[in-house]
Every structure is written in C-alpha cells, then in structure tokens.
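Reading through the structure tokens given below for one structure.
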Amino acid sequence: MLRRIDKVLLEQENNLLKNDLDADYAALGEKLARSDVDIELLTQAAGKFQIAVPSWGTGTGGTRFARFPGEGEPRNIWEKLEDCAVINELSGCTDSVSPHFPWDKVSDFSELKEKADAYGIKWVSVNSNTFQDQTGQTASYKYGSLSNTQKASRELAIAHNLDCIEYGQKLGAKSLTVWVGDGSNHPGQQHFQRAFERYLASMEEIYKGLPDDWEMHIEHKMFEPAFYSTIIQDWGSNILAAMQLGPKCKSLVDLGHHAPNTNIEMIVSRLIQFKKLGGFHFNDSKYGDDDLDSGSLHPYQQFLIFNELVDAEYRQQEAFGPAYMLDQSHNVTDPAESLINSAIEVQRSYVKALIVDREKLYGYQDENDALMASLELKNAFNLDVSPILAMARLRKGAAIDPLAVYRKSNYRENMAKERPRDPNATGSGIV
C-alpha cells in the first residue's frame, strides 16, 4: 500500500510506547473482567470501526468575514486524497473519503479511483453543491435550487445531482447526500407549501436516477443561508420527504444542524425505529452550526447518540446500517490533526457505548429506576478506554500516539514546500 508517513518512524514511535500500552491494556482488561466484559471483543470492535473523512475538511475553513488559509493545505482533490491517506495511516479508522462536486470533479475518475486504491482509501457518499452558482452557470440558485420558482434553475440542480450519481458510480460510492440552502429571508417571500412541493418534485426526478443498490440521504439544516424559513429545516421535514420519496431515501443527521438543547439522541432513535436513519455528519457546536471538532464540547451527548446506535445493533434492528462521516470546519488548527483527533473521539464514544450492560439497563428502565439507569450509562461513559483504542491502532499498523507521529514526520512543513500558496488568493470569508 502506498504510504505518506515513513513506516520506520511510525514503528520507532510505537516501540517507545508499547510497554506502557501493554501494561495499561492489561490493567484495563482486569478491571473490565470484573464486570464480565471481554476487552478483546471491545478491541476487535474498535478495529472494525470506520468513519469517513470529508474531502473539504482537509482544507482550512472560514468565517463570514475572513479565511486564514494554512500552510501546505490541499489545492485539489488529489492533494486532499493525499491528506486523507495520512489521516488513515495514523488513526487506522478513516479508510474512506466523501467527495463534494463540482469541487472535486476530475477529467478521469478511473485515475482518481486507482490512486485512492493505492492508498487503501474507499469512496463513500457523494455530495452535490447547488448552494452556490458556478462559473458559466446558465441559471442562478440565488433564490433556491431544487425548490426555485424558475424551472430552469430546478432542472439545472436536478441535472447536477444526476451527474454526481454518475461520478459516484465511477468511484465505487453507493449513496448521494443532498443538502440545499433553499428557503426565504423575509416573511411572505415564499409560499411554504408550494416551495416544498417543488422540492419534492425535483427530488423525485433525482430518486429515479438512483442505481438499485444506492441510497439518497437528505440533510436538514435549521438556518443559513435562509434565515427566515428553510425547505428542509429539521428532522420532521426531513423524514416526511424521505418517506414520500421511497425506501432508498433516508435522513442524515448532522449534529450541528439542530436548535440549541435539542434531544438529538431521541431523534436518532425515532429515525431508527422507522427505518429512515441514513447516516451522520459528526461535529460539535456551541451556538449554532459551528462545525467544531467532534466531542470537543459535548462528549456525553455524542456518547448518548452512540448508546442508541449500539442499542440498535444489539437488537438487530431491521434496515439499520448508518454511514458515519466527520463534517468539520477548521479555522485555527491543522485540519489533519483535528480530523485524526475527531475520528478517535467518535470511535471512543462507540466503544464506551459497547460497555453498557443492555439487559441490566432494560431492567432498570422497566422498573422505572431512573437513577440506576442513568448510572449504568455514566459508568460506561466515565471509563477511560484509551488503551483499547491505542491497541486497536497498533494491531492495524497505525500509531499509538497519532498526533506525535504526525508532528515528528514534519508532514505539514513538507507539504508547505510542495504546495505553495497562491499569492493572488483572496482572504475573503464566506459571504
């Protein structure tokens, strides 16, 4: 497999930490064994866990006012793929990339797939972009795309999504994620019902173009850039649309796309119950759609979400198999470092949720023993499972301490030399 991180360096760093890891792993194994939990089963599960990296997340994000590009950040999909490969080499749990079109469009998709194969990277859900006009575009998305009052704009948006499916097929992806910024900024600007009808009619045309083994995932967002009303503003509109479109259409949950203090884990449960949970965009937020590093602010909420996901696994619920992906914007950190750390934090929540004694929890719930039910979850959450995650990485040939190896490799400094920044690039923000 083609590698970007020196294998000798990685092994040297791992050898320095292995004895301590073995000791910590053995101690944790003894502690778990007292509760009849097999640490080896948890380590195997951690090793199998994978979460996709967004191609756009490898670059520096921005605010509405300014963007401060980092040194050596990728300038195209080839360089984004290179960074994604490094993230996977070190974390061991990010073996797939989600592309965004037309940003990541290339002239030869077979060549792109071959390069990804060489890195051991797969392609997952493709994302369409109808929230901004492209150079030479014949109709505008200023007043919406799939719900636009102008037929030409709707047809252009439909055609673009169908093109994305075609690109995804060439890469080996199996799903299309559709998010639109359609909505209104002033009361009375838009007829709510007619706009939703136009959206559904457009989505029906895209749905017809799905291959038999594909899914379409609808992503909702409460606001931005439409600040008064949004076409798919919450999970209610999301699931209504998904139910009308058909069994191959499901809802996608982005952790930042909810009103403050929303019970996201209950939404996840509802979507599982009605076989409409398509996948996740993991991130964190303080005020709104902040796209902060996963688990950086609300790790317990992330754990509670995985409690519902692991519960569905345990109960072997029908049509359950959500796709996991990070969706973050990195303004003050190295994107690769944030993605490595976030992937591990999501993996951490998954492993902790596996520790919960399901039958004991069900018993407390049936007996209405609120305190003991809560403590069953808290006991799992409070346990430090770092040795399990590190051992899973070691066994897969990844790094015991990924960030330390990344920094010692001088990868970012080397990329700064190979990828000189465009001196004419604007520092404008997202306006």
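Observations on the model:
Residues checked against (1) touching a helix residue (DSSP H, G or I) at 6+ places or on another chain (Cβ under 6 Å); (2) within 22 Å of F280 (Cα to Cα); (3) small (G, A, S):
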residue: L28; (1), (2), (3): yes, no, no
residue: K31; (1), (2), (3): no, no, no
residue: L41; (1), (2), (3): no, no, no
residue: V53; (1), (2), (3): yes, yes, no
residue: P69; (1), (2), (3): no, no, no
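- The single condition among (1) part of a loop (DSSP other than H, G, I, E, B); (2) out of contact with any Ser or Thr (no Cβ under 6 Å at 6 or more places or on another chain) that S294 does not satisfy is (2).
- For region 342-363, a tally of residues being part of a helix (DSSP H, G or I) and surrounded by fewer than 18 Cβ atoms within 10 Å (Cβ to Cβ) returns 5.
- Checklist (1) touching a Ser or Thr at 6+ places or on another chain (Cβ under 6 Å); (2) in a helix (DSSP H, G or I); (3) over 22 Å from F274 (Cα atoms) applied to S202, failing item: (1)
- Given (1) in a helix (DSSP H, G or I); (2) surrounded by fewer than 17 Cβ atoms within 10 Å (Cβ to Cβ), index of the condition G288 fails: (1)
- Residue selected from region 361-394 under the condition within 16 Å of V310 (Cβ to Cβ) and polar (S, T, N, Q), by the criterion nearest to the chain's Cα centre (by Cα): N379
- Condition broken by G256, with the remaining ones in (1) under 20 Å from F381 (Cβ atoms); (2) out of contact with any helix residue (DSSP H, G or I) (no Cβ under 7 Å at 6 or more places or on another chain); (3) of a type in the set (G, A, S) satisfied: (1)
- Every test in (1) assigned to a helix (DSSP H, G or I); (2) in contact with a Leu (Cβ under 7 Å, 6 or more places away or on another chain); (3) surrounded by fewer than 24 Cβ atoms within 10 Å (Cβ to Cβ); (4) not basic (K, R) is passed by C164 save one, and that test is (3).
- Among the candidates S107, S55, S35, the residue that is more than 21 Å from V332 (Cβ to Cβ), under 27 Å from the mean Cα position of the chain (by Cα) and not acidic (D, E) is uniquely S107.
- Residue list for region 1-27, restricted to those being β-branched (V, I, T) and either at positive phi or outside any helix (DSSP H, G or I) (or both): I5
Per-residue answers, yes or no, for (1) surrounded by 13 or more Cβ atoms within 10 Å (Cβ to Cβ); (2) among the charged types (D, E, K, R); (3) outside any helix (DSSP H, G or I):
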| position | (1), (2), (3) |
| --- | --- |
| L371 | no, no, no |
| E376 | yes, yes, no |
| A416 | yes, no, no |
| D422 | no, yes, yes |
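- Hey, S237 in contact with an Asp or Glu (Cβ under 7 Å, 6 or more places away or on another chain), surrounded by fewer than 19 Cβ atoms within 10 Å (Cβ to Cβ), in a helix (DSSP H, G or I) and not aromatic (F, W, Y) or not: no
- Counted residues, region 359-382 - those being under 17 Å from D36 (Cα atoms) and among the aliphatic types (A, V, I, L, M): 3
Only the coordinates and a few stated rules stand behind these numbers; no lab work does. Note that the structure is predicted; figures quoted are calculated from it, not measured. Every residue, glycine as well, gets a Cβ built from its backbone with ideal geometry; the counts of neighbours run over all protein chains shown.
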